[in-house]
Each structure stands twice: as structure tokens, then as C-alpha cells.
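For reference, the structure discussed in these notes is given below.
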Amino acid sequence: MTSKSCSGISNVRENGDFTDFGILCGDERIDVHRVVISGRSPVLYRACTSRFSEATSRTYRIDDFPLAVVERMVEYMYTGNYSDPDESNTSGSDAEELPVLLLHTTMASLADKYDIEGLVALATKKYTEALKNDRDFEKFLDSVPEIYGMPAELSQPLRDAAVVFARREVREAVDSWKAWSKFEEVSKALGVQSSDS
């Protein structure tokens, strides 16, 4: 699909023109076009075409992923990309935003569950780039369980990126640990007990 046609389809959705299906997440409804979502996800294709209640009600509920991730999944289905959160923005729905690293790993997990081609690769690329810019080790650790909850063959590139980041951070921590060891050595020599002894 050309960028012009993606833009046109995205504009139709944003305007609410001709939407014929809704993705429900929490209390929110995201209006979409069955032809678009069913072409991007075999899971959603079955929901749109089966004899189950989703096809009849023309709605599909996703409550096991945050709204911010589901909205970006829909954005990806229409544009082939999804927006990164603006962490400096705390107004509106962005106040409920996930940390960047967790957003990308959760997006990969959602892409796996709904079998959305290309989205795992994009989320992995964005995660790897975010690791270069976000050195917050706690945020990194929050993203790791999502990676290891996915099938290994699918999440291997995410795992590789996480290992590279962790090794780099641990190396820096070891350097700090050497300084801490020296501090303890000096403390013992001076007869000062550390609080954890």
C-alpha cells in the first residue's frame, strides 16, 4: 500500500466515515473498518466473519492489553506504523501512557496474540532504539517479563536487545561495585561498620 493510500484510509477512520466495526477496550470504543482489520489479523478476520457474537454485534473486546497499546495497534493497521508516546505530555489519555520500553514489548506481545504481520518486527525495532535513549534500568526491568512471556522464536530479537542492554548496564554497575568494595575496605580499615553488616 502506498503512503498516500494509507493516509487516505487513516483519514477516513479518523473522521469516522464508513466505520462498520468497533474494538472495545475498557470503557472505550475504537471505530474501525472490518475490511482493514480483517486484512491485518487472521484472529480479527475470524471475529468479523464467524457465527460468534462478535460478527453479529460487530464489536470485539480486548481487555487484556492497555488502551494505549490497542489504539496503537489500530493505528498500525491503518498506517503501517504506530506513534511513540510523548513522555513530557501528561494531559488526556497520555497520562495513562505506559513507559516507552514497556509499550513496545506489550505491542509485540499483542501483535503475537493477534498474528499481525510486521508489527512484532516494528515493535522490536522501536524497543531496540528506545534502549539506546532510555537508560532507566527499572523501566527496562519492567519490560523484561513481557518479552519472556512470548514464544522464544518470536521474541528472540527482543531478548537479544535486552541482553545487550543488561550486559552494558551490569558492566557499569560492576564498575560502581568496585568502588563500593573499595568503600567497604576503607570503612573496615577505619573501624566503621556498614549498615548491612
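Listed peptides 72-84, 142-154 appear in the order 72-84, 142-154 once ranked by packing, highest mean of other Cβ atoms within 10 Å at the front. Taking amide H as placed 1.01 Å from N in the peptide plane, the amide H of Thr59 sits under 5 Å from that of Gly22, each at least 5 places away or on another chain.
Report note on the peptides 58-69, 100-111: ranked by the mean count of other C-beta atoms within 10 Å, highest first, their order is 100-111, 58-69. Extension gain, Ser83 to Lys188, is 32.5 nm, computed as 0.36 nm per intervening residue step minus the present C-alpha separation.
Where a number appears in this text, it was derived from the coordinates with a stated rule and is not lab data. As the structure is a prediction and not an experimental result, all values here were calculated from the model. So basically every Cβ, Gly included, is an ideal-geometry build from the backbone, and we count neighbours across all protein chains shown.
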